[in-house]
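Down below is the structure, laid out as structure tokens.
The values are calculated or read from the model by the stated rules, or taken from the named source; none is laboratory data. Please read these numbers as outputs of a predicted model, since none were measured by experiment. Every residue, glycine as well, gets a Cβ built from its backbone with ideal geometry; the counts of neighbours run over all protein chains shown. These area figures cover heavy atoms from the full protein model, side chains too; ligands, DNA and RNA do not enter into them. Shrake-Rupley method; radii C 1.70, N 1.55, O 1.52, S 1.80 Å.
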Amino acid sequence: MKENKNSIAYCGLYCGECFNYKGEIADLARDLRKKLREEKISKAALGLSKFFKPLKNYDICYEVLGVMVRFRCKKTCKGGGGPPFCKIRKCCQKKGVEGCWECEEFEICKKLDFLKPIHGEAHIKNLKKLKKQGVDKFLEGKKYW
Ligand code: SF4
Ligand code: SF4
């Protein structure tokens, strides 16, 4: 994907680094499920589970792959992707800022906390870089996810 300032989300995450946007996991999961069906692995798994105990969980594995097929988001955050109720997006739009890096509060803002369980400090690191270096330099460098 071409580096693009419109792919920088309001929260500082970069949509181009998102597995939903890249879609590789969704493609691989779809293809693997197809192959498993073609080769009738559910039947084989039943027999083989005597020797390979984890195969007893084959159905769960297939179901999990089904969830991964849905790991897909074709739009960037600023292009209308992501949850429409996102408080961060709404807040930035209300303040008229391009993203939280233009806001003085991002290091203490509670609205960003819901990202922590998934992204750790990635968005904060990105926001610091965006604030310090500006958008163009940020696009050239490493982006945390
Ligand atoms: S929808 Fe919200 S959390 Fe998701 S990328 Fe956009 S600003 Fe960040
Ligand atoms: S208050 Fe500032 S840091 Fe928090 S969501 Fe709004 S713009 Fe982002």
Of all residues making up region 103-130, the number that are within 11 Å of ligand 2 (Cβ to nearest atom), under 14 Å from residue 13 (Cα atoms) and charged (D, E, K, R):
1
One residue is enough: does region 92-113 have a residue meeting the conditions within 12 Å of ligand 1 (Cβ to nearest atom), hydrophobic (A, V, I, L, M, F, W, C) and under 19 Å from residue 20 (Cα atoms)?
no
Restricted to region 1-32, and to residues that are in contact with a His (Cβ under 6 Å, 6 or more places away or on another chain) and not small (Gly, Ala, Ser), which residue is surrounded by the fewest Cβ atoms within 10 Å (Cβ to Cβ)?
13
Tally up the residues in region 25-71 that are more than 30 Å from the chain's Cα centre (by Cα) and among the aromatic types (Phe, Trp, Tyr), please.
2
Checking residue 65 against (1) open to solvent by less than 40 Å² (accessible area, probe 1.4 Å); (2) within 14 Å of ligand 1 (Cβ to nearest atom); (3) assigned to a helix (DSSP H, G or I), the condition it does not meet
(2)
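Report whether or not residue 87 is open to solvent by 20 Å² or more (accessible area, probe 1.4 Å), near ligand 2 (Cβ under 7 Å from one of its atoms) and within 18 Å of the chain's Cα centre (by Cα). Even if it seems obvious, please write down each step before you answer.
On the way: open to solvent by 20 Å² or more (accessible area, probe 1.4 Å): yes; near ligand 2 (Cβ under 7 Å from one of its atoms): yes; within 18 Å of the chain's Cα centre (by Cα): yes.
So residue 87 passes the test.
Considering only region 90-139, state which residues are hydrophobic (A, V, I, L, M, F, W, C) and either surrounded by fewer than 15 Cβ atoms within 10 Å (Cβ to Cβ) or at positive phi (or both). Reasoning before the result, please.
Of region 90-139, the ones hydrophobic (A, V, I, L, M, F, W, C) are 91-92, 97, 100-101, 103, 106, 108-109, 112, 114-115, 118, 122, 124, 127, 130, 135, 138-139.
Passing the criteria: 97, 108, 114, 118, 135.
Which of the residues spanning region 73-84 are surrounded by fewer than 16 Cβ atoms within 10 Å (Cβ to Cβ) and more than 8 Å from ligand 1 (Cβ to nearest atom)?
Filtering region 73-84 for residues surrounded by fewer than 16 Cβ atoms within 10 Å (Cβ to Cβ) gives 74-75, 79-80, 83-84.
Residues satisfying the conditions are 74, 75, 79, 80, 84.
Among 47, 16, which is the only one that is within 16 Å of ligand 1 (Cβ to nearest atom) and assigned to a helix (DSSP H, G or I)? If you could, list the steps in order and put the result at the bottom.
Values: 47 fails: within 16 Å of ligand 1 (Cβ to nearest atom).
Just a single option satisfies the conditions, and that option is 16.
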